[in-house]
Amino acid sequence: MYTHLLSPLDVDGIRLRNRVLMGSMHTGLEDRATDFPKLASYFAERARGEVGLIVTGGIAPNIRGWVKPFAGKLSWPWEVRRHRLVTDAVHAEGGRICMQILHAGRYAYHPLGVAPSRIKSPISPFTPFALSSRGVKTQVMDFVRCAELAKEAGYDGVEVMGSEGYLINEFTSPRTNRRTDRYGGSDEARMRFPVEIVRGIREKVGKDFLLIYRLSLLDLVEDGNHWDAVVALAKAIETAGASMLNSGIGWHEARIPTIVTSVPRAAFAQVTARIREHVRIPVIASNRINTPEVAESLLASGTADLISMARPLLADADWVAKAARGQAHLINTCIACNQACLDHVFENKPASCLVNPRAAREWELPLRAAQQSRTITIVGAGPAGLSCAIAAAQRGHHVTVLERSADLGGQFKLAAKIPGKEEFSETLRYYSAQICELGITLRLGVQADKATILSDSPDVVVIATGVKPRRPNIPGVQHPKVLDYMQALNGASIGKRVAVIGAGGIGFDVCEFLTETSDTAGDEKEKWLKQWGVDLNYQSGAGLCKARVEPPEREVWLLQRRVGRLGAGLNKTTGWVHRAQLKQKNVQMLDNVEYVAIDDNGLHIKRDGTSICLQVDHIILCAGQESQNELFQHIQSVHPDCHLIGGARIASEVDAKRAIDEGVRLAMRL
Ligand code: NAP
Ligand code: SF4
């Protein structure tokens, strides 16, 4: 089915078994030598899953290039040995692997950072030192040395990170390069630094070694590069000896989302297609490509020669193998939530995956057959129950799932209704497909009680009955104007003026649901590009243009009792997108709110001692949740092996990440 995706490619004397490149992503396991055995098992599982070419997370060529203090680095011969563990493990599985060389430049989160000019970035508290001309030469030599050591460590090649606003990108852009020596002042001078790096590496490593250059196709920042400069750089890099060009989209400081779930699939691929017209070496498309269908269509249409995916291969190590076996429906699709991967990296925690908690934990959670097959009854078909059911069945247990409602998914079903979160329905598709594949018995519409559960005489009972919305104690909360978020998202009729109580993740989601414009005409991708002011045709500089947002049909207030910015607790990599979207839709955000009463006039609140009546048609409660665990209390006393997981165990701040993690970890112990 996926003839383009699965066809091999010969580049620089190296055969890649298919067109899937596992893009570079930091996992937090690259930084300490003692973590390299874990890194090796993580990559080996992806190589076993038939990925064509893996690229490691970024490794610095020297201390100044560290992303953070003591981050992964390869600059000394004694650092080679730990990398051998990784390359040997991947090669043993028939895979290929390149090491990414990343110099953080002004994004360094430490005081030793360097940059073309002394300009602080908005995402690091440290101002970099401006490199002298000699200092620039030293950085070039360190890149070259790092590549030589990577070759010694057994890598099949290196990827030079030239995008996302890191050091090389800082040299190539007028935004951050104000130099007046031979490395600045004109487009040609600005590209001298990467060209010297690529040429220097090629001279030292010789042929039969891959040299991928990650080129910033769209800077998406003010004073970023114009298209002619991007094309000139691509050609110069090709001439200097690169084997392939990978697509980089957007600097980290850009205020345009480039990978979160609301970004349409393959949103930026047309820029990859444009650069492909100017070079002869293979070109790699990236960003929000997560299914074999999308990947295949990009290759078939000539948009790119390979597809880069990082997070989709965290979500499912067997992504390629499943596509090759005609089992794409069994792929655990990355939903681009960032919650367990990039958010963890930014919180200095090891990365994993929300839909696959085994990712980068392979050594800790090996998927082994159970010693003894048991019968397991799970109550609740939300993320906790279903992830437990699937992992338990994969280990050879006989699993029955009982669910009160008419369909599976629990809170995930609601998330999939939020505009921009449609991707979450992929997880529901995955659950359904695995239930069939693994022969799990799913009984929907069953209100499980003690008798129902015990009638099957299960060896193990798992209660994953989830949560119910909290009803805060506000006078008038029983008024017909009041809906909880489940009712709101499940199709209740909602007026034009709405107050939302509670500004956690669900309050934000509900506001996005309420302010979605009913304009369904036109291409989704075009509408999204317009909304964020992205110009893929480069009519104006750096791919930016004026954003145009359709006004919403509803007037919405989002409220919280706490004093401070609303959404401050949202996740690092996605929270700013949610806040920006609600701002675009004119949602009024009020903190320091005291809820006084609800009546026919609307919601009465007090702020700073002033009484205000929000004259709204509806009030939607997003004030957190409470556990639904009554069944556990009943079963616990009569069944010796009974477990409580997910929101039913602890409702406070429960999210799908914790629910799924608990489900899988329990299954591994059964
Ligand atoms: P939450 O994050 O705990 O937020 C609940 C909100 O309700 C808080 O803003 C709280 O703020 C307010 N609240 C709590 N008790 C209240 C009361 N008695 N009366 C009035 N207001 C009250 O919970 P959630 O929004 O339900 O989300 C649940 C979990 O899912 C969270 O872990 C969340 O991170 C996750 N989630 C994340 C996303 C996302 O990242 N986009 C989306 C959906 C869900 P005040 O006390 O200040 O008023
Ligand atoms: Fe994808 Fe979310 Fe998993 Fe990250 S945590 S790999 S974004 S599903």
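The values are calculated or read from the model by the stated rules, or taken from the named source; none is laboratory data. Quick caveat: nothing in here was measured; it's all calculated off a predicted structure. Neighbour counts run over all protein chains shown; Cβ positions are idealised from the backbone, glycine included. SASA here: full protein model, heavy atoms, side chains in, ligands and nucleic acids out. Shrake-Rupley method; radii C 1.70, N 1.55, O 1.52, S 1.80 Å.
Overview of results
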quantity: Pick from the stretch 547-579, criterion in contact (Cβ under 8 Å) with a residue 60 or more places away in the chain and in a loop (DSSP other than H, G, I, E, B), ranking: farthest from the chain's Cα centre (by Cα); calculated: 554
quantity: Filter result (assigned to a loop (DSSP other than H, G, I, E, B) and either closer than 30 Å to residue 514 by Cα or open to solvent by 40 Å² or more (accessible area, probe 1.4 Å) (or both)) within the stretch 641-670; calculated: 649, 650, 651, 652, 653, 654, 655
quantity: Members of the stretch 259-276 found to be out of contact with any Gly (no Cβ under 7 Å at 6 or more places or on another chain) and hydroxyl-bearing (Ser, Thr, Tyr), listed by number; calculated: 272
quantity: Number of positions in the stretch 62-83 that are over 26 Å from the mean Cα position of the chain (by Cα) and part of a loop (DSSP other than H, G, I, E, B); calculated: 4
quantity: Subset tally (residues that are closer than 20 Å to residue 379 by Cβ and open to solvent by 30 Å² or more (accessible area, probe 1.4 Å)) for the stretch 453-482; calculated: 7
quantity: Subset tally (residues that are within 16 Å of ligand 1 (Cβ to nearest atom) and without any contact (Cβ under 8 Å) to a residue 60 or more places away in the chain) for the stretch 353-376; calculated: 1
quantity: Residue among 599, 523 that is away from ligand 1 (no atom under 11 Å from the Cβ) and either open to solvent by 60 Å² or more (accessible area, probe 1.4 Å) or of a type in the set (Ser, Thr, Tyr) (or both); calculated: 523
quantity: Counted residues, the stretch 343-361 - those being closer than 21 Å to residue 420 by Cβ and either within 7 Å of ligand 2 (Cβ to nearest atom) or in contact with a strand residue (DSSP E or B) (Cβ under 8 Å, 6 or more places away or on another chain) (or both); calculated: 3
quantity: Enumeration of residues in the stretch 280-296 that are under 16 Å from residue 324 (Cβ atoms) and open to solvent by 20 Å² or more (accessible area, probe 1.4 Å); calculated: 293, 296
quantity: Residue that is in the same structural domain as residue 292 (by TED's automatic domain parsing) and surrounded by 24 or more Cβ atoms within 10 Å (Cβ to Cβ), where the choices are 228, 219, 187; calculated: 219
quantity: Hits in the stretch 491-515 - residues which are of a type in the set (D, E, K, R) and surrounded by fewer than 18 Cβ atoms within 10 Å (Cβ to Cβ); calculated: 496, 497
quantity: Selection count, the stretch 532-578, where residues are closer than 25 Å to residue 500 by Cβ, crowded, with 18+ Cβ neighbours inside 10 Å and more than 16 Å from ligand 2 (Cβ to nearest atom); calculated: 11
quantity: Residue in the stretch 307-318 that is open to solvent by less than 10 Å² (accessible area, probe 1.4 Å), touching a Leu at 6+ places or on another chain (Cβ under 6 Å) and touching a residue at least 60 places away in the same chain (Cβ under 8 Å) present; calculated: no
quantity: Filter result for residue 571 (closer than 30 Å to residue 529 by Cβ and touching an Asp or Glu at 6+ places or on another chain (Cβ under 6 Å)); calculated: yes
quantity: Criterion (part of a loop (DSSP other than H, G, I, E, B), open to solvent by 30 Å² or more (accessible area, probe 1.4 Å) and in contact (Cβ under 8 Å) with a residue 12 or more places away in the chain) met by exactly one of 420, 396, 409; calculated: 396
quantity: Flag if residue 212 is of a type outside the set (Lys, Arg), within 24 Å of residue 56 (Cβ to Cβ) and surrounded by fewer than 24 Cβ atoms within 10 Å (Cβ to Cβ); calculated: no
quantity: Selection within the stretch 222-245 - of a type in the set (S, T, N, Q) and in a loop (DSSP other than H, G, I, E, B); calculated: 225, 243
quantity: Hits in the stretch 406-424 - residues which are out of contact with any Pro (no Cβ under 8 Å at 6 or more places or on another chain) and within 13 Å of ligand 2 (Cβ to nearest atom); calculated: 415, 421, 423, 424
quantity: Filter pass, residue 369 being of a type in the set (A, V, I, L, M), open to solvent by 30 Å² or more (accessible area, probe 1.4 Å), outside the structural domain of residue 24 (by TED's automatic domain parsing) and under 28 Å from residue 89 (Cα atoms); calculated: yes
quantity: Pick from the stretch 290-303, criterion under 17 Å from residue 259 (Cβ atoms) and assigned to a loop (DSSP other than H, G, I, E, B), ranking: nearest to ligand 2 (Cβ to nearest atom); calculated: 290
quantity: Residue match in the stretch 579-594 (condition: within 16 Å of ligand 2 (Cβ to nearest atom) and touching a helix residue (DSSP H, G or I) at 6+ places or on another chain (Cβ under 9 Å)); calculated: no
quantity: Residue tally, condition away from ligand 1 (no atom under 16 Å from the Cβ), small (Gly, Ala, Ser) and at pLDDT 90 or above, over the stretch 530-576; calculated: 2
quantity: Residue list for the stretch 315-342, restricted to those being more than 16 Å from residue 293 (Cβ to Cβ), in a helix (DSSP H, G or I) and more than 7 Å from ligand 2 (Cβ to nearest atom); calculated: 321
quantity: Candidate set: the stretch 623-640, residues that are assigned to a loop (DSSP other than H, G, I, E, B) and under 21 Å from residue 482 (Cα atoms); chosen: the one nearest to the chain's Cα centre (by Cα); calculated: 624
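Conditions (1) open to solvent by 20 Å² or more (accessible area, probe 1.4 Å); (2) part of a loop (DSSP other than H, G, I, E, B); (3) under 26 Å from residue 106 (Cα atoms); (4) not assigned by TED's automatic domain parsing to the domain that holds residue 421, marked per residue:
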residue: 247; (1), (2), (3), (4): no, no, yes, yes
residue: 254; (1), (2), (3), (4): no, yes, yes, yes
residue: 257; (1), (2), (3), (4): no, yes, yes, yes
residue: 260; (1), (2), (3), (4): no, yes, yes, yes
residue: 264; (1), (2), (3), (4): yes, yes, no, yes
residue: 275; (1), (2), (3), (4): no, no, no, yes
residue: 278; (1), (2), (3), (4): yes, yes, no, yes
